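Below is one structure; the comments refer to it alone.
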Amino acid sequence: MTTLITGGAKCGKSRLAERLLDKCAGRKFYIATMQPYGEEAHAAIERHRKIRAGKGFETIEKYTGLDETGLPENCNVLLECMANLCANEMFRNEDICDPTERIMRGIKHLQSRAAMLVIVTNNVGSDGISYSPETNKYIEVMGRLNALTAEISDNVIECVYGVPVILKGGSCF
């Protein structure tokens, strides 16, 4: 079963994702995609580690190449978060690439291994602000990734002010 959780910044997406996996038996993996650049990133990573402490997650730091992640069959996986993964893949070289196929291949790989897969993403591009061409390309790719992931997910939830709003499915509760 795959559940996609989306929403704005600091709206409770991670807390909801972890809560969905609390009831799962078996091994739980947290795939962390945030590269630790700067004080803000280090603070966010530390905050997430404290929140996860004692919940039985095994952390895998995977910034790119999601399709190369080794996981046992029928495990439970939290991918946090697709927005970071996309940025890492797009901007890892001097040439900006479109990582849609590579990331979707990675998500399908996780689906093939996991009994329960929860993916956290961000709602980007709805603020109406003009950005650089590179950022506009990122927003375009994220929109496509979110739509493709929603399509192959059993459940899609938007987290609004900490309240889960079911957009598709609902069998995860």
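The values are calculated or read from the model by the stated rules, or taken from the named source; none is laboratory data. Note that the coordinates shown come from a computational prediction; the quantities given were computed from them, not determined experimentally. For neighbour counting, all protein chains shown are included, and Cβ atoms are generated from backbone atoms with ideal geometry for every residue, glycine included.
What the table shows:
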quantity: Members of the stretch 71-82 found to be within 17 Å of the chain's Cα centre (by Cα) and either surrounded by fewer than 21 Cβ atoms within 10 Å (Cβ to Cβ) or on the phi > 0 side of the Ramachandran plot (or both), listed by number; calculated: 71, 75
quantity: Qualifying residue in the stretch 90-109 (condition: in a loop (DSSP other than H, G, I, E, B), among the hydroxyl-bearing types (Ser, Thr, Tyr) and more than 16 Å from residue 157 (Cβ to Cβ)); calculated: no
quantity: Leading residue by the ranking (farthest from residue 121 (Cα to Cα)) among those in the stretch 16-30 that are charged (D, E, K, R) and surrounded by fewer than 13 Cβ atoms within 10 Å (Cβ to Cβ); calculated: 23
quantity: Residues within the stretch 90-107 that are among the charged types (D, E, K, R) and modelled with pLDDT of 95 or more, tallied; calculated: 3
quantity: Qualifying residue in the stretch 144-155 (condition: among the charged types (D, E, K, R), within 18 Å of the chain's Cα centre (by Cα) and part of a helix (DSSP H, G or I)); calculated: yes
quantity: The stretch 60-70: number of residues that are in a strand (DSSP E or B) and surrounded by 15 or more Cβ atoms within 10 Å (Cβ to Cβ); calculated: 1
quantity: Residue count for the stretch 10-42, restricted to those that are within 18 Å of residue 87 (Cβ to Cβ), outside any strand (DSSP E or B) and small (Gly, Ala, Ser); calculated: 3
quantity: Any hit, the stretch 31-42, residues being at pLDDT below 80, β-branched (Val, Ile, Thr) and surrounded by 12 or more Cβ atoms within 10 Å (Cβ to Cβ); calculated: no
quantity: Selection within the stretch 115-137 - in contact (Cβ under 8 Å) with a residue 60 or more places away in the chain and either among the β-branched types (Val, Ile, Thr) or touching an Asp or Glu at 6+ places or on another chain (Cβ under 9 Å) (or both); calculated: 115, 118, 119, 120, 121, 123
quantity: Among the candidates 150, 53, 83, residue that is closer than 25 Å to residue 11 by Cα, of a type in the set (A, V, I, L, M) and free of Cβ contacts under 8 Å to residues at least 24 places away in the same chain; calculated: 53
